[in-house]
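Working notes, beginning with the structure itself.
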Amino acid sequence: MVKSMIMALTIMVVGLTNLFTQEIERDYYLEIIEDDFIGVYLPDEYIAILEKTKNHSLAMHHNDDSKYHDILIVNKNIIFSDLKFHDGYAIMANEGNLYQFNRNGNNRTITDNNGYSYTRIGDNISEAYEITEIFVIKKYT
């Protein structure tokens, strides 16, 4: 009796966990991302300030009121960001589905649901932070 009750509870917990996982995936799953948009993107506003001031900290803190995402890490069916490069999160599907993906030759840009533009700086998402660091260092010199 106890074994069957434990087994039933285990099955229920596993089932609920699977449902919860599917619900989370649905909340963040995007079907609109084409393969050539996979990559690492920085906000154009950040890039402009970085070019002008040669100062990452000033450029990053320009966005203290969180007008735009500090970075976009675009995968096949999900977009991640990272607030001030230390607080990672995924973009909700109801927001991400409003993004516009733009091609201009080999360049890729994304315009978010608030009209902010992001430029791709690299396409290897597994090295997103290294790519960003190299990009920032190049802008300093």
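A few notes on this one:
- Residues located in region 73-84, provided they are surrounded by 16 or more Cβ atoms within 10 Å (Cβ to Cβ) and either over 11 Å from the mean Cα position of the chain (by Cα) or of a type in the set (Gly, Ala, Ser) (or both): Ser81
- The condition of being crowded, with 18+ Cβ neighbours inside 10 Å and modelled with pLDDT under 95 holds for only one of Asp65, Asp70, Asp87, that being Asp70.
- Residue check: Phe135 meets all listed conditions (1) of a type in the set (A, V, I, L, M, F, W, C); (2) within 15 Å of the chain's Cα centre (by Cα); (3) under 14 Å from Val40 (Cα atoms) but one, namely (2).
- Complete set of residues in region 34-55 that are in a loop (DSSP other than H, G, I, E, B) and either surrounded by fewer than 16 Cβ atoms within 10 Å (Cβ to Cβ) or in contact with a His (Cβ under 9 Å, 6 or more places away or on another chain) (or both): Glu34, Lys54, Asn55
- Hits in region 100-115 (condition: of a type outside the set (Val, Ile, Thr) and buried (at least 18 other Cβ atoms within 10 Å of the Cβ)): Arg108, Asp112
The values are calculated or read from the model by the stated rules, or taken from the named source; none is laboratory data. Keep in mind that what you see is a predicted model, and the values were worked out from it rather than measured. Glycine gets a Cβ as well: all are built from the backbone with ideal geometry, and neighbour counts include every protein chain shown.
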